[in-house]
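Colleague: Quick one: the structure is below, and I'll ask about it shortly.
Bear in mind these aren't lab numbers, they're just calculated from the coordinates by the rules spelled out. Please read these numbers as outputs of a predicted model, since none were measured by experiment. A quick note on method: Cβ atoms are made from the backbone with ideal geometry, for glycine too, and the neighbour counts reach across all protein chains shown.
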């Protein structure tokens, strides 16, 4: 069975048991599994998450599932773009994705075989439920991060994050990843999932990745495809408004502060000026999502906005969200990415120092082992026997064999300068190709210094290695 990414494209899995078996088999072979959950209609923002995943694990799993419990009856569940074939094509072109999990339904189907009383209770619960799945699901168990769900999007979508947390909990239990990656555009969703994973003891590292924006600043979203003609230009008001707020904070002097309401009003007026209908604008603490009253240049705060625009579907609206960290430097994801890059660089530098020290120690040891022997204290006949001259590689081999049989000492290599000036070919593995070079120096220990014709680079070749004759040919 293919254990890593296949040239034929990712494995398509539709049932939970097969997905769980797939992950467990890979993890049993000490392969790390990274998970990117999506609702399909993949764009560059999703693919950027896949690239982050490939940097963190050998196995990358992407899920495509339009979660009905994230949609209220008045929202665009039926109109939400679904294009699985196109999504699979994009993932295959991107490469590095091992499996795509595409379940048909993650919620238990409604079962009306129970008693009439229970059926009536279910119908009453369905009437109270305000999700798109109310009439098609008997699901009774929900996951909720209460405090983090209330602000921002939770004000107008009270059960949205319950649906998000529940479906991600299900996916974590099915995929069993080591790390899961989410975009910071849905920042409140990211904090809900991070809190859920920590408090429910999931062995999953939940990582936030920076918002992916197109050249004009608009945050990438699958809902962008639902915008009516001309509405995309209006939606640019969101990123423009956030940039104005960031510039205002950047212009503060150290120690100065500005009221959060001032920045929120600035963002609101800019979005409305461009033609958006604002749902909310709020300034919160980036960790707790609690509202803050003032913003300082040195302290990080998060300004978040949601706005409605006209949909290409008659009578519908498209709700877009965006956010920006004010104060400090960069987003939380950018800070984590920078820390990771610094750690990797430090690790590489330490490894290089270690290799240089090890190389110097081994060369010093080789020089000590290769010291010319002396004849002091030997009988003259014994000394003569140990001085068998060596002029060629063939005679060196014969000398070694003879010495092994007779107990004589051996002269390890030909005398210095035997091969200087000679030309040779060297076989490389990556790519597998012969390269022509010239011997410019030879040590008594049989190490040749060569200069390659192709680029003039100098390198050392040890004639004592077992594969010397198969990979190096004198011309």
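Colleague: Kindly identify the range 223-330 as rounded, prolate or oblate by the Cα gyration tensor criterion: order the square roots of the eigenvalues as a ≥ b ≥ c, call it rounded if a/c is under 1.5, otherwise compare a/b with b/c, prolate if a/b is larger, else oblate.
Modeller: prolate
Colleague: Find how much the distance from residue 460 to residue 298 grows on full extension, using 0.36 nm per residue of separation minus their present alpha carbon separation; answer in nm with one decimal.
Modeller: 53.0 nm is the gain from fully extending residue 460 to residue 298.
Colleague: Rounded, prolate or oblate: which one fits the range 413-475, using the alpha carbon gyration tensor with axes a ≥ b ≥ c (rounded when a/c is under 1.5, else prolate when a/b beats b/c, else oblate)?
Modeller: Cα axes put the range 413-475 in the oblate bin.
Colleague: Modelling each spin label as a point 7 Å along the Cα-to-Cβ direction, I'd like the residue 429/residue 445 distance in nm, to one decimal.
Modeller: Those two pseudo-labels are separated by 2.2 nm.
Colleague: Any chance you could run the full-extension gain for residue 205 through residue 277? It's 0.36 nm times the residue separation minus the Cα-Cα distance, nm to one decimal.
Modeller: 22.3 nm
Colleague: While we're looking at this one, here's another question. Based on the Cβ-Cβ distance from residue 341 to residue 93, what FRET efficiency comes out when R0 is 25 Å, to the nearest 0.05?
Modeller: 0.45
Colleague: Using a Förster distance of 41 angstrom, determine the FRET efficiency expected from the C-beta separation of residue 250 and residue 27, and round it to 0.05.
Modeller: The value I calculate is 0.35.
Colleague: Per 0.36 nm of contour for each residue apart, how much would the distance between residue 357 and residue 147 grow if the chain were fully extended, relative to their Cα-Cα spacing?
Modeller: Contour length minus the Cα-Cα distance gives 70.2 nm.
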